[in-house]
Amino acid sequence: MTLPGMVQLPQTSAFEERVEILTNELELAIKWDRPSTLLAIYNSEYVRTDAETALENFMVIQGQKVIHIKMDDMPDFNLVSLLQLYPSTVNHIFFVHGLKKPFTEQSNIFIKLGHHADILVRRKIRIVFWLTQNAAAEMLHIAPDFWEDRQHIIEFVDSPKP
């Protein structure tokens, strides 16, 4: 039943709302030329892949270049040094994923980022960390300085689409 004068809002899924939060945060960072550190927490690779693809497609339309950094592909991974290799980070969005067990072996990544957060700010780096729920919980304990500096946390708790 529709009452006169009531406006019906379009129905959107929780998944789409969360992707929209990510896109809005990155749009604002681009518009105001500001750094952005986002944590996207997911519960399955299917959800991460869908969210990452949707966000990447949107960023490409906005004229941004998405750079994927898979942490498991590099044994002695140093994200701070890797980010410094890019002479300009204008129109770049970094997607970092691939934290696998045991997380404690890679914990120094977030500890270093916590100690060198000024690099992210000074270079206006826009970065999205894709973390499993377990990795996010461990990061809170291992790297509280980095956790404190994060800008926004978006949790994808949806079930994967069949």
Net length gained if the chain between Ile67 and Ala137 were fully extended (0.36 nm per residue, minus Cα distance): 22.7 nm
Long-range HN-HN contacts of Arg126 with modeled amide H, under 5 Å: Ser36, Phe94
From phi via Karplus (6.51, -1.76, 1.60), per-residue ³J(HN,Hα) for region 126-134 in Hz, x at Gly/Pro: 10, 9, 10, 9, 9, 10, 6, 4, 5
Pairwise FRET efficiency - Leu85 versus Glu155, Cβ, R0 = 41 Å, nearest 0.05: 0.85
Amide proton proximity set for Ile41, modelled H, under 5 Å, gap of 5+: Leu131, Ile154, Glu155, Phe156
Table column - 3J(HN,Hα) (Hz), region 39-52, Karplus curve with 6.51, -1.76, 1.60, x for Gly and Pro: 10, 10, 9, 10, 10, 8, 4, 4, 5, 4, 4, 4, 5, 4
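We did not get these values from a lab; they are worked out from the coordinates using the rules stated. Keep in mind that this is a model prediction, so the values were computed, not measured. FYI the Cβ positions are ideal-geometry reconstructions off the backbone, even for glycines, and counts take in every protein chain you see.
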